[in-house]
1. Scanning for something within 30 Å of residue 105 (Cα to Cα), of a type in the set (S, T, N, Q) and assigned to a helix (DSSP H, G or I), does the stretch 31-48 turn up at least one residue?
2. For residues that are surrounded by 17 or more Cβ atoms within 10 Å (Cβ to Cβ) and either outside any helix (DSSP H, G or I) or among the hydrophobic types (A, V, I, L, M, F, W, C) (or both), tally how many sit in the stretch 49-69.
3. Which members of the stretch 427-480 meet the condition of being among the aliphatic types (A, V, I, L, M) and modelled with pLDDT under 95?
4. Give the residues of the stretch 347-389 that are in contact with an Asp or Glu (Cβ under 9 Å, 6 or more places away or on another chain), of a type in the set (Gly, Ala, Ser) and either assigned to a helix (DSSP H, G or I) or surrounded by fewer than 21 Cβ atoms within 10 Å (Cβ to Cβ) (or both), sorted by residue number.
5. Given the conditions (1) assigned by TED's automatic domain parsing to the domain that holds residue 189; (2) assigned to a strand (DSSP E or B); (3) within 20 Å of residue 183 (Cβ to Cβ), and given that residue 277 satisfies all but one, which numbered condition is not satisfied?
6. Only residues that are in contact with a strand residue (DSSP E or B) (Cβ under 7 Å, 6 or more places away or on another chain), under 18 Å from residue 192 (Cα atoms) and modelled with pLDDT under 95: list them for the stretch 233-267, please.
7. How many residues does the stretch 474-491 contain that are out of contact with any helix residue (DSSP H, G or I) (no Cβ under 8 Å at 6 or more places or on another chain) and assigned to a loop (DSSP other than H, G, I, E, B)?
Amino acid sequence: MLNEKVAKILNSIADYLEMEDDFFRVKAYRQAAHTVEVLTTDIETIHQEGKLIKLPGIGQHIAGKIEEIIEKGTADFYEKLKEKYPVNFEELRGVEGLGPKTIKLLYQELGIKNLDDLEREAKRHHIRRLKGMGDKKEKALLENIVFARKFRSRNLLGEVMPLAEKIKKRIEALPQSRKVEIVGSIRRRKETVGDIDVLVTTPQPQDIMDYFVSMDLVGEIIVQGPSKSTVRLKDGIECDIRVFDEEVFGAALMYFTGSKEMNVEMRKISISRGMKLSEYGLFKKEKRVAGKKEEDIFHALEMDYIPPELRENRGEVEAAQKGELPLLLKVEDIKGDLHLHSNWSDGKNTLEEMVLGAIFKGYEYVAITEHTGSLKIANGLGEEKLMQQAREIDRLNDELENITILKGAEVNIDLDGRLDIRDEVLQEMDVVVAAVHSGLNQGYFDLTRRIVTAMENENVDILAHPTGRKLQKRKESEVNLNQIFDVAQETGTLLEVNSNPVRLDLRDMNVKRALEHGCKLVVNTDAHSQNQLNNIQLGVGTARRGWAQKKDVVNTLPLKGFLKALKD
């Protein structure tokens, strides 16, 4: 948690410095923030050992700021910048099209400090009068404000889940605990979640409650009771804990997992069979007929067990009644990750470190797919550098056992659908991932044509993050997904479920649509550091929400089968 806080403040300082056009220090603070973000060791431990300045990109000056944050919770330099620019960066940066320079302009010219100010001035048509704005940008801002408000009260699954798991492990470690489960949106693996909900069975509920509200993660106690307590964690997220008896734990697990819509359907089915369902069990008159386990409730209602990821009332109830639920993909089914970056482009770890991380996860193969030429912001590799890396991969393949490293590239799709690496070079690659990184607002027909043209290139194996969305920052691009799915099926292009917690793209229901079109998928992490390899669980969770099975995902195949499944 401290690592996240330090990185967040360093990034905020960079935002303020970008307002002042201090690009040298912007780059320094961004690099330092990235270093802290990907640390697998607690930053406070590194500080205590006097090793802060030994971290990549952290010199004496920034190390001093980090020390202040660790010791005081903030840095004087940061507080002075906030005083100079009293704007709610987190709110305003959540609006697509607003960067530090525009935020500075809006503040200095119109006194805009937050989302409400922005909306008010846009509706008064004051923004269009500013230099470099205009009526089109003002209209776009109004549309994007609606999008930003929709997600303001929710948090990314990938950010909240580690915190929820940490709380779960702490409570499980208590001798008074029996069963501990995370429920709600997190258990259903929704891409954004509102809060954290935990259920516990224990013979000593007061001890659990006393421990829960006194954790060092807690910022404020909202409610404390014998069977339920609510706190606000220091990062602003609310967390509930509820205690239930063993005999009703399955019913409580089902009820508090949700979704609300599925719970309504389950109650209707119970009533139609002369029973009553609540968080305390399934009852026939006054007798509890099921409740200890979730599975018992489903079976008592003559239904198959519905995995949590499917519980959205999207046809899963009917499928469970007919015995037609899919056997969903599992994390352990994944045999290799086909979208990895190293420090050859914009990754944090060396090529060898990324591969060792994949070996640790038990993968049979990985593909190294650096950004290429035209993506300068990500230190894209030119053709000569790409072939140089290919030779390095050959060397590692000779040295390392138990894994095969595939040569690859994440090539950019330009405005006309062309790739930024020549076909002659791409033919030397084992795996070619193509992606749109710019011009995402090109327009429905042009952007669709652009993607389709790239998929028709015989060297392209995978279409990465197909809709280009970034959760809470950028909505899905407007493209004809039906056409893209049809072309993917015709050309054998694999569609990626990107596990980056900001992307999760394809999203769940687009996964389902792609499968209905007969497409094949890959679940990749797009990892830029070794620890991001663990994000595979987010991509698998998203694929499961889209009803994906092992047979639908090509990187569940052994190496020979996978290579055979690629485009010929």
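The values are calculated or read from the model by the stated rules, or taken from the named source; none is laboratory data. Given the structure is predicted, the values throughout are model-derived calculations rather than measurements. Every residue, glycine among them, receives a Cβ derived from its backbone with ideal geometry; neighbour counts consider all protein chains shown.
1. yes
2. Qualifying residue count, the stretch 49-69: 7.
3. Result: 440, 471, 479.
4. 358, 362, 373, 374, 378
5. (1)
6. 233, 237, 238, listed by residue number.
7. 1
So that you can scan it fast, the table gives a plain yes or no per residue for (1) outside the structural domain of residue 414 (by TED's automatic domain parsing); (2) under 20 Å from residue 518 (Cα atoms); (3) in contact with a strand residue (DSSP E or B) (Cβ under 8 Å, 6 or more places away or on another chain):
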{"site": "442", "(1), (2), (3)": "no, no, no"}
{"site": "445", "(1), (2), (3)": "no, no, no"}
{"site": "459", "(1), (2), (3)": "no, no, yes"}
{"site": "468", "(1), (2), (3)": "no, no, yes"}
{"site": "472", "(1), (2), (3)": "no, no, yes"}
{"site": "480", "(1), (2), (3)": "no, yes, no"}
{"site": "485", "(1), (2), (3)": "no, yes, yes"}
{"site": "489", "(1), (2), (3)": "no, yes, no"}
